[in-house]
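> Here's a structure for you.
The values are calculated or read from the model by the stated rules, or taken from the named source; none is laboratory data. Just so it is clear, the structure is predicted and the values come from calculations on it, not from any experiment. When we count neighbours, we look across all protein chains shown, and the Cβ atoms used for this are built from the backbone with ideal geometry, even at glycine.
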Amino acid sequence: MINVSIKQDLNNVTVRISDTGIGISPEDQDRIFERFFKADRSHSRKYGGSGMGLAIVKQIVSLHKGDIRVESEPGQGTTIIITLPI
């Protein structure tokens, strides 16, 4: 299951994208925004992908003077939080 929520305050808009998937290990969380990094190597061949998606998102968010971060626990799912100034 994937949940997307958006909240706005006076200065920022925050988008939270959460799933109920397998989660990401703490070691991999530090690297998921790196180009070509694939946290779940077992699915890399099956589903394809270049490992560029989150690196591109991070660059776009940075260019808009925003912030992106991850919260995740293995077995509990993952949340990506993007905050952009209004």
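> From 22, 17, grab the single residue that is more than 13 Å from the chain's Cα centre (by Cα), modelled with pLDDT of 90 or more and surrounded by 12 or more Cβ atoms within 10 Å (Cβ to Cβ).
Values: 17 fails: more than 13 Å from the chain's Cα centre (by Cα).
The match here is 22.
> Here is a further query. Quick one: residue 50 ticks every box in (1) at pLDDT 90 or above; (2) of a type in the set (Ser, Thr, Tyr); (3) surrounded by fewer than 15 Cβ atoms within 10 Å (Cβ to Cβ) bar one, so which box is it?
That leaves (1) as the condition not met.
> How many of the residues in the stretch 66-75 are more than 12 Å from residue 25 (Cβ to Cβ) and either surrounded by fewer than 16 Cβ atoms within 10 Å (Cβ to Cβ) or in contact with a Pro (Cβ under 7 Å, 6 or more places away or on another chain) (or both)?
Within the stretch 66-75, residues that are more than 12 Å from residue 25 (Cβ to Cβ) and either surrounded by fewer than 16 Cβ atoms within 10 Å (Cβ to Cβ) or in contact with a Pro (Cβ under 7 Å, 6 or more places away or on another chain) (or both) number 4.
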